[in-house]
Amino acid sequence: MKAAVIEEFNNIVMKEVLEPELGYDEALIKVEYAGICGTDVHIYQGHHKQAKPPLIPGHEFVGRLVKVNTDKHVNLKIGQRVVAQPLTGCGKCELCIQGRDNVCVDLNIFGIHSNGCFAEYIKVPLRKVYSVPEDIDPKIVALVEPLAVAMHDVRRSNLDVGQTVLIIGGGPIGILIAMVAKLNGASKVVISEINEKRIKFAEDMNMRFEMINPLKDDVDSKINKLTNNMGFDVVYEVSGVQAGADLMTKAAKIGGTIMMVGIPSKSHTVDTGAVTLKELKMEGVRIHAQINFAAAVDVISKNIFNDKLKRLITDEFDIENVKEAMEFSIKDKDHFKVLLKMN
Ligand SMILES: [Zn+2]
Ligand SMILES: [Zn+2]
């Protein structure tokens, strides 16, 4: 089969590789579209600690079910359009038993720890496969994985109807969290972002997001104005930079919640005094749990805000031009989701 292989850092090539062989209870999926995630770019550049070449990257995809290897009854039809949660845990540890295989010590994420979806075919455990309706645009279905990340983040924050939200970092995950927060009944969703094009993009979503640009605005007075001097109920730190860590403790209200979403390249300083004095709750969130992947499949299958989701797809490349797509993702600072089309 054809696959995009990172042979060494900063070099990804299309080549013929062996089609994956199915183990028991596994499914083979023919990939239609794959999304490029920031993680894929980090792997390509050699900035990811766990991913080692040669590797087929990619963990966001939609495709068609080609075959299954099982003698159990499965609720899937060959040829059907499907998505799959791109990770497995050991299935036995305390966290896996709690449904938290996204933080299993033996976590295997496709496209990071093992081969991913920038290929003609990918094999996945059957229990991770979900069918999606034929009449939903497959490009939107390719967004299930990043939507699942945002849903995981919002659900774990226990965001309640009428609460106020600040999202630090208005990239693809930041915008998705903003959208899910609105869907969850947040009364005010504010995004802090420094890229003017991304600010404009968020405003053009017409979802009544309010914007803070820390390079231009007086952040303190803007937060006070937006929250009646209270601060935000929930702050999602998505930027992964020190300025974001500084802002999160300042912007959260007394008794508020901070969700740590962005993965920093090195650990940041946190104002622990503010955490204590304001009785802040801080929680890390990683990828998504399967229950939230399933929920994201449902949200897209039921067309709840697919017209808004579609706007996130800003660029598309053929898989043959995967190197160009990776280089574009590094250089262009304004894009949201770049899709690869498998031919
Ligand atoms: Zn991703
Ligand atoms: Zn486990």
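Count the lysine pairs in segment 150-284 whose Cα atoms lie under 16 Å apart, taking only pairs 8 or more positions apart in sequence or on different chains.
Close lysine pairs found across segment 150-284: 14.
Quick one: grab the alpha carbon gyration tensor of segment 150-284, order the square roots of its eigenvalues as a ≥ b ≥ c, and give me rounded if a/c is under 1.5, else prolate or oblate depending on whether a/b is larger than b/c.
Working: a/c = 1.27, a/b = 1.18, b/c = 1.08.
Verdict is rounded for segment 150-284.
Can you classify segment 218-343 as rounded, prolate or oblate using the Cα gyration tensor, where a ≥ b ≥ c are the square roots of its eigenvalues, rounded means a/c under 1.5, and otherwise it's prolate if a/b beats b/c and oblate if not?
On the way: a/c = 2.19, a/b = 1.77, b/c = 1.24.
Note, shape of segment 218-343 comes out prolate.
Could you look at segment 1-66 and say what percent of its accessible area is carbon and sulfur, using a 1.4 Å probe and all protein chains? Intermediate values should be presented prior to the final figure.
Details: 1520 of 2880 Å².
The nonpolar share, carbon plus sulfur, comes to 53 percent.
Show that you can apply the helix-only estimate: for the chain, add -39,500 (n - 2.57) for every DSSP H stretch of four or more residues, divide by all residues, and state [θ] at 222 nm to the nearest 500.
Details: 12 runs with 101 residues, N = 343.
Calculated at 222 nm, the ellipticity per residue is -8000 deg cm²/dmol.
Would you grab the residues whose amide H sits under 5 Å from the one on residue 211? Only those 5+ places off in sequence or on another chain, please, with H modelled 1.01 Å from N.
For residue 211, whose amide H was placed from the backbone, the distant partners under 5 Å are 191.
Between the alpha-carbon centers of segment 135-172 and segment 16-45, tell me the distance in whole angstrom.
Centre-to-centre distance over Cα atoms comes out at 23 Å.
Could you tell me what a quarter of the Cα convex hull surface of the chain works out to, in nm² with one decimal place?
On the way: hull surface 67.7 nm².
Seen from a random direction, the Cα hull of the chain projects 16.9 nm² on average.
For the chain, what is the percent of antiparallel DSSP beta bridges, rounded to the nearest 5? Kindly include the intermediate steps, with their values, before the conclusion.
Details: 33 of 60 bridges.
Beta bridges within the chain, antiparallel portion: roughly 55 percent.
In percent, what relative contact order does segment 253-343 have, based on Cα pairs under 8 Å that are 6 or more apart in sequence?
Details: 73 pairs, mean separation 21.7, N = 91.
So the answer I get is 24 percent.
On a 0 to 90° scale, report how tilted helix 172-183 is relative to the longest principal axis of the chain, with both axes built from alpha carbons and the result rounded to the nearest 10.
Once rounded, one gets 70 degrees.
Got a number for carbon plus sulfur as a percent of segment 150-284's accessible area, 1.4 Å probe? Don't skip to the end; give the middle numbers.
Numbers: 3300 of 6380 Å².
Carbon with sulfur: 52 percent of the solvent-accessible area.
Hey, in the GNM for the chain with a 10 angstrom Cα cutoff, which one of 48, 73, 268 fluctuates hardest?
73
Just the number please: accessible area per residue for the chain, 1.4 Å probe, all protein chains included, in Å².
Values: 15510 Å² over 343 residues.
Here the per-residue accessible area is 45 Å².
Angle, helix 290-301 long axis vs. longest principal axis of the chain, Cα atoms, 0 to 90°, nearest 10?
90 degrees
Compare 278, 139, 49 in a GNM of the chain, Cα atoms joined below 10 Å, and give the one with the largest fluctuation.
49
Over segment 274-331, what lengths in whole Å, largest first, do the semi-axes of the equivalent ellipsoid take, defined as the square roots of 5 times the eigenvalues of the alpha-carbon gyration tensor? Walk me through the intermediate numbers first.
Details: eigenvalues 214, 94, 32 Å².
Semi-axes (√(5λ), whole Å): 33, 22, 13.
Compute the helix-to-body angle for 322-331: its Cα long axis versus the longest principal axis of the chain, expressed 0 to 90° and rounded to tens.
10 degrees
Springs between alpha-carbon pairs under 10 angstrom, Gaussian network model over the chain: which of 26, 320, 94 fluctuates most?
Fluctuation is largest for 94.
Taking Cα pairs under 8 Å and at least six residues apart, what relative contact order does segment 150-284 come out at, in percent? Present the calculation step by step, with values, prior to reporting the outcome.
Numbers: 258 pairs, mean separation 29.8, N = 135.
Value for segment 150-284: 22 percent.
Once you keep just the Cα pairs under 8 angstrom separated by 6 or more residues, what percentage relative contact order results for the chain? Intermediate values should be presented prior to the final figure.
Numbers: 736 pairs, mean separation 63.3, N = 343.
Normalised by residue count, the contact order of the chain is 18 percent.
Would you grab the residues whose amide H sits under 5 Å from the one on residue 80? Only those 5+ places off in sequence or on another chain, please, with H modelled 1.01 Å from N.
Amide H neighbours of residue 80, under 5 Å, 5+ apart: 65.
The values are calculated or read from the model by the stated rules, or taken from the named source; none is laboratory data. Note that the structure is predicted; figures quoted are calculated from it, not measured. Calculation scope for accessible area: heavy atoms of the full protein, side chains included, ligands and nucleic acids excluded. Shrake-Rupley method; radii C 1.70, N 1.55, O 1.52, S 1.80 Å.
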